[in-house]
Amino acid sequence: MSKLATNTKKRDVAIVGVGSTPIGEHWDKGLRELTWDASIAAVEDAKIRGKDLELIIVGNMSGGMFVGQEHVAALVADFLGLKPTPAVRVEAACASGGVALRQGYLAVASGLYDLVAVGGVEKMTDVQAGWATSILTGAMDFEWEAYFGTTFPGIYALMARRYMHQYGLTREKLAEVAVKNHYHGSSNPLAHFQNRIKVEDVLNSSLVADPLRLYDCSPISDGGACVILAPAEKAKQYTETPIIIEASTQASDTLSLFEREDICTLDATVEAAKQAYSRAKISPKDVDIIEVHDCFTIAEILALEDLGFCKKGEAAKFYEGEQTYVGGTLPVNTDGGLKASGHPVGATGIKQVIEIVKQLRGEAEGARQVKGAEIGLAQNVGGSGATVVVTILRRR
Ligand code: COA
């Protein structure tokens with residue numbers, strides 16, 4: 001495993017503006033319009049002008065395959081009327097947004113830039129679901145996994161089956177992840193799905209890849225999200241409630257699942273989390289709220305363990321007594337997670353961080369506001385864990 005980077009960061013970095021589109025099927029909007037809507041909302045939230053931005057970073061997994069559009073960052077700068085501001089696209093599969101945010105964080109922390117927009121966008125529903133599934137398989141080891149017919153539901157089903165065998169997780173308990181996330185999604189006006197479900201609905205939904213069923217899966221979504229970053233010492237110029245990025249860490253693992261010693265652990269999550277807690281000088285018990293990458297229900301179970309909230313094999317205990325709900329001891333995925341709020345892959349990592357920012361500001365809509373939250377953590381996963389980004393945010 002990699003060594004902890006030893007350089008101390010030059011400056012603290014704050015999020016001073018956020019904006020996102022509703023997540024779902026946007027038949028009337030393309031990549032550029034989704035980016036426009038999210039960026040304008042973030043720029044207005046930070047009370048700046050677009051022209052004040054010094055750098056634009058865009059997380060996007062596969063504009064070329066989903067809508068035929070490459071060179072996405074230049075498109076964004078052009079469509080927003082921001083030329084000649086430099087614009088960079090970041091691709092790291094479903095962690096594109098998280099890695100983009102980390103690049104923006106590094107740009108501001110280094111002292112090179114003061115005002116940076118970091119966006120994420122994906123337009124996935126213009127293609128049929130089967131084709132979307134094929135495009136997504138490009139994020140796994142194509143020659144050794146996808147070529148032989150594996151899909152992401154299939155990969156996560158292998159993890160789920162192994163975990164159930166090894167730790168005795170029941171199918172009913174796994175379903176509770178989806179029930180909780182749909183419950184939270186019902187309070188999120190931007191969520192792809194806002195309907196509440198019961199355990200029986202999950203168990204009776206159509207089989208996708210045994211043991212995973214429809215309600216165990218995140219959907220195929222369109223959406224955009226954007227945050228504005230500034231040095232912490234200047235943040236109050238833009239907002240009364242800057243949210244500080246205490247840590248933004250990233251780790252890598254094998255692209256293919258079969259090369260891992262233990263498929264019930266994402267080593268990259270363990271490593272990125274270890275570095276993040278060290279940088280932020282906190283431990284898991286200090287965290288009030290988390291957004292984790294529940295692309296499939298089993299992924300949320302693994303995340304709770306790999307992030308250090310409990311021992312391996314014990315995450316299911318969190319689903320007793322509504323501890324992971326708003327009002328519980330560890331609210332998880334208060335926006336509905338990827339399962340209910342949606343998974344527009346390039347935007348997801350930014351969308352997760354926006355939920356934490358809203359919670360820490362006390363601005364989460366409806367019944368999902370967590371009272372008095374001060375520290376939040378987001379975990380964004382690329383593929384089956386080859387890339388993981390962990391971000392720790394704090395209200396000061
Ligand atoms: N959860 C709940 N409902 C879903 C859903 C999901 N994940 N996906 C689709 N639906 C609903 C649709 O809204 C639709 O409802 P309706 O009939 O009331 O309109 C119905 O199910 C059928 O939708 P459809 O688009 O035909 O579903 P599908 O069978 O083609 O696709 C999945 C379902 C689960 C296969 C697809 O969402 C999927 O592949 N998800 C995983 C995406 C992924 O791998 N992301 C990367 C993760 S690493």
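Picking from Gly308, Gly321, which residue would you name as being in contact (Cβ under 8 Å) with a residue 12 or more places away in the chain, among the small types (Gly, Ala, Ser), part of a loop (DSSP other than H, G, I, E, B) and farther than 18 Å from Ser186 by Cβ?
On the way: Gly321 fails: in contact (Cβ under 8 Å) with a residue 12 or more places away in the chain.
Of the residues listed, the single one that is in contact (Cβ under 8 Å) with a residue 12 or more places away in the chain, among the small types (Gly, Ala, Ser), part of a loop (DSSP other than H, G, I, E, B) and farther than 18 Å from Ser186 by Cβ is Gly308.
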Revision key, fill the gap. Among residues of the stretch 191-229 being open to solvent by 60 Å² or more (accessible area, probe 1.4 Å) and assigned to a strand (DSSP E or B), the residue farthest from the ligand (Cβ to nearest atom) is Leu207
Review point. With respect to Ser384, is the statement that it is among the polar types (S, T, N, Q) and surrounded by fewer than 24 Cβ atoms within 10 Å (Cβ to Cβ) true?
Key: no
Review point. Out of the stretch 131-153, which residues are within 10 Å of the ligand (Cβ to nearest atom) and open to solvent by 50 Å² or more (accessible area, probe 1.4 Å)?
Key: none
Study note, to complete from the structure: Picking from Ser341, Ser283, the residue that is polar (S, T, N, Q) and surrounded by fewer than 24 Cβ atoms within 10 Å (Cβ to Cβ) would be Ser283
Check your understanding: Only one of (1) touching a Lys or Arg at 6+ places or on another chain (Cβ under 8 Å); (2) assigned to a helix (DSSP H, G or I) is not met by Ser187, so which one is it?
Key -> (2)
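Residue check: is Leu338 away from the ligand (no atom under 16 Å from the Cβ) and either free of Cβ contacts under 8 Å to residues at least 12 places away in the same chain or within 24 Å of Gln103 (Cβ to Cβ) (or both)?
For Leu338, the condition - away from the ligand (no atom under 16 Å from the Cβ) and either free of Cβ contacts under 8 Å to residues at least 12 places away in the same chain or within 24 Å of Gln103 (Cβ to Cβ) (or both) - is not met.
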**Study point:** Pair list, Cβ < 9 Å and 6+ apart or interchain, from the stretch 207-226 residues that are free of Cβ contacts under 8 Å to residues at least 24 places away in the same chain to residues that are near the ligand (Cβ under 10 Å from one of its atoms) and part of a strand (DSSP E or B)
**Key:** Leu207/Arg213; Leu214/Val208
Review point. Applying the selection to the stretch 231-269, what residues are surrounded by 21 or more Cβ atoms within 10 Å (Cβ to Cβ) and either part of a helix (DSSP H, G or I) or among the charged types (D, E, K, R) (or both)?
Key: Ala235, Glu246, Asp253, Leu257, Ala268, Thr269
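From the list Glu240, Glu300, Glu314, Glu271, exactly one residue is more than 16 Å from the ligand (Cβ to nearest atom), closer than 23 Å to Glu355 by Cα and modelled with pLDDT of 95 or more. Which is it?
Working: Glu300 fails: more than 16 Å from the ligand (Cβ to nearest atom); Glu314 fails: closer than 23 Å to Glu355 by Cα; Glu271 fails: closer than 23 Å to Glu355 by Cα.
Being more than 16 Å from the ligand (Cβ to nearest atom), closer than 23 Å to Glu355 by Cα and modelled with pLDDT of 95 or more holds for just one of Glu240, Glu300, Glu314, Glu271, which is Glu240.
Across the stretch 365-385, what is the number of residues that are away from the ligand (no atom under 16 Å from the Cβ) and touching a residue at least 60 places away in the same chain (Cβ under 8 Å)? So that I can check it myself, show each step before the final result.
Start the filter on the stretch 365-385 by keeping residues that are away from the ligand (no atom under 16 Å from the Cβ), which leaves 365-378.
Restricting the remaining residues to those that are touching a residue at least 60 places away in the same chain (Cβ under 8 Å) gives 365-368, 370, 372-378.
So the count comes out to 12.
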Exercise for review: Find all pairs meeting these conditions: Cβ atoms under 6 angstrom apart; at least six residues apart or on different chains; first residue within the stretch 43-59 and hydroxyl-bearing (Ser, Thr, Tyr); second residue at pLDDT below 95.
Suggested key: none
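The values are calculated or read from the model by the stated rules, or taken from the named source; none is laboratory data. Keep in mind it's a predicted model, so treat the numbers as computed, not measured. Every residue, glycine as well, gets a Cβ built from its backbone with ideal geometry; the counts of neighbours run over all protein chains shown. Remember, those area values only see protein heavy atoms, side chains included, never the ligands or the DNA or RNA. Shrake-Rupley method; radii C 1.70, N 1.55, O 1.52, S 1.80 Å.
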